[in-house]
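**Student:** My structure is below; once you've seen it, I'll send some questions.
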Amino acid sequence: MRIGELAERGGVTVRTIRYYIEEGLLPPPSRRGKYGDFDASYLQRLRLIQRLKEERLSLPAIRLRLAEMGLAPSPPSIGGEMRGEGLFRSRFAEEAGLTTERVARLEEMGLLESSEGLLLPEALPLAQAAARLLNWGVRLEELAEIVRQVRREAEMHRRLLAQAESLPLVSRALQWQEQVSAVSAIRQMLLQRWSYPAPEEAP
């Protein structure tokens, strides 16, 4: 299909598609004469990008996620300077807003991983989120329960994706993202229902 048809069917503008191609979120199309020829996989890629945007990810973060899925080239920050350069536990703890003892406990729980005593910088957002919860009064045991729940979720996702092993990569990635979105929606609705008092219960 031509770019105009793709834009119409994908619910975006032609300019957006061209921008996604420039930013590496979509691969350049094959050529048919002087026009780009977009196959059906581009519609799936647009749906996947939309799903990721619904998670409020920035375009650089979406490109990083697509690269992790094998659907986009790896940005320089993954293949080069940042990835693989570990931080000593004391430096990692300082950057994350944690004590070294808490970082060690999070490693024991499986929330963080280290190699030869070094932790990867890309684990900092996870550690910083844990630090915020701990600073608000969450107990380490409660964090450990979150880790157990996520492991169960991950096992469920792996099982469901194993059933789609024969699908093309972009179809599996889209299915995975839709699974994650469905689980997140359930989690958020239940958290909202159980975390806040109903109007008649409010003081």
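**Student:** From the list Arg56, Arg47, Arg63, which one is under 30 Å from Leu26 (Cβ atoms) and not in a helix (DSSP H, G or I)? Steps first, answer last, please.
**Tutor:** Values: Arg47 fails: not in a helix (DSSP H, G or I); Arg63 fails: not in a helix (DSSP H, G or I).
From the options Arg56, Arg47, Arg63, the qualifying one is Arg56.
**Student:** Looking at Ala154, Ala123, Ala182, which one is small (Gly, Ala, Ser), over 30 Å from Ala40 (Cβ atoms), modelled with pLDDT under 95 and under 16 Å from the mean Cα position of the chain (by Cα)?
**Tutor:** Going through Ala154, Ala123, Ala182 in turn, the sole match is Ala123.
Conditions (1) open to solvent by 90 Å² or more (accessible area, probe 1.4 Å); (2) farther than 17 Å from Ala72 by Cβ; (3) free of Cβ contacts under 8 Å to residues at least 24 places away in the same chain; (4) more than 22 Å from the chain's Cα centre (by Cα), marked per residue:
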position	(1), (2), (3), (4)
Arg15	yes, yes, yes, yes
Gly24	no, no, no, no
Asp37	no, yes, no, yes
Arg47	yes, no, no, no
Glu54	yes, yes, no, no
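**Student:** Which members of the range 1-13 meet the condition of being part of a helix (DSSP H, G or I) and surrounded by 14 or more Cβ atoms within 10 Å (Cβ to Cβ)?
**Tutor:** Answer for the range 1-13, where residues must be part of a helix (DSSP H, G or I) and surrounded by 14 or more Cβ atoms within 10 Å (Cβ to Cβ): Ile3, Leu6, Ala7, Arg9, Gly10.
This table checks each residue for (1) at pLDDT below 85; (2) of a type in the set (Val, Ile, Thr); (3) more than 22 Å from Ala185 (Cβ to Cβ); (4) touching a helix residue (DSSP H, G or I) at 6+ places or on another chain (Cβ under 7 Å).
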{"position": "Tyr42", "(1), (2), (3), (4)": "no, no, yes, yes"}
{"position": "Glu54", "(1), (2), (3), (4)": "no, no, no, yes"}
{"position": "Leu66", "(1), (2), (3), (4)": "no, no, no, no"}
{"position": "Met69", "(1), (2), (3), (4)": "no, no, no, yes"}
{"position": "Met82", "(1), (2), (3), (4)": "yes, no, yes, yes"}
{"position": "Leu87", "(1), (2), (3), (4)": "no, no, yes, yes"}
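**Student:** Looking only at the range 18-38, decide whether some residue is of a type in the set (Phe, Trp, Tyr) and in a loop (DSSP other than H, G, I, E, B).
**Tutor:** yes
The values are calculated or read from the model by the stated rules, or taken from the named source; none is laboratory data. If you're wondering where the values come from, they're calculated on a predicted model, not measured in any experiment. Every residue, glycine among them, receives a Cβ derived from its backbone with ideal geometry; neighbour counts consider all protein chains shown. All accessible areas refer to the heavy atoms of the entire protein, side chains included, with ligands and DNA or RNA removed. Shrake-Rupley method; radii C 1.70, N 1.55, O 1.52, S 1.80 Å.
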